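Here's the structure, in structure tokens; my notes come after.
The values are calculated or read from the model by the stated rules, or taken from the named source; none is laboratory data. Quantities reported herein were computed from a predicted structural model and do not represent experimental measurements. Counting neighbours? That spans all protein chains shown, and the Cβs are built from the backbone with ideal geometry, glycine included.
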Amino acid sequence: MDDGGASGHERAVRDAVLAGDAAAWRVWYAQHFDRLAAYARWACGGLADLADDVTQEAWLTAVRRLRSFDPDRGPFFACLCGVARNAARNAVRSRRRHARR
């Protein structure tokens, strides 16, 4: 287990957030929000409304699953992007189904 470097920092932030440190959550959110929103816009083909929904869904999912986030398996941003990728895929499928009706 690597207690130094990026994974050590992310573990410390995760633990602070789980302990109820609102300032730690705000810092983590601020560090990742703009990049995640840009990734969601790309994943949604530039559709701003869809990207906003995907970004929100990614954060909500991240909050719900924070206890299972393991920094040794990868950075928090990669986890967010994985969630956003799945949310974007589901949102695009849903739009296509809705458009066919």
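Points to keep in mind about this one:
- Test: residue in segment 31-40 that is of a type in the set (A, V, I, L, M) and at pLDDT below 95: no
- For the residues Ala22, Ala38, Ala6, the requirement of being touching a residue at least 60 places away in the same chain (Cβ under 8 Å) and either on the phi > 0 side of the Ramachandran plot or exposed (fewer than 13 other Cβ atoms within 10 Å of the Cβ) (or both) singles out Ala6.
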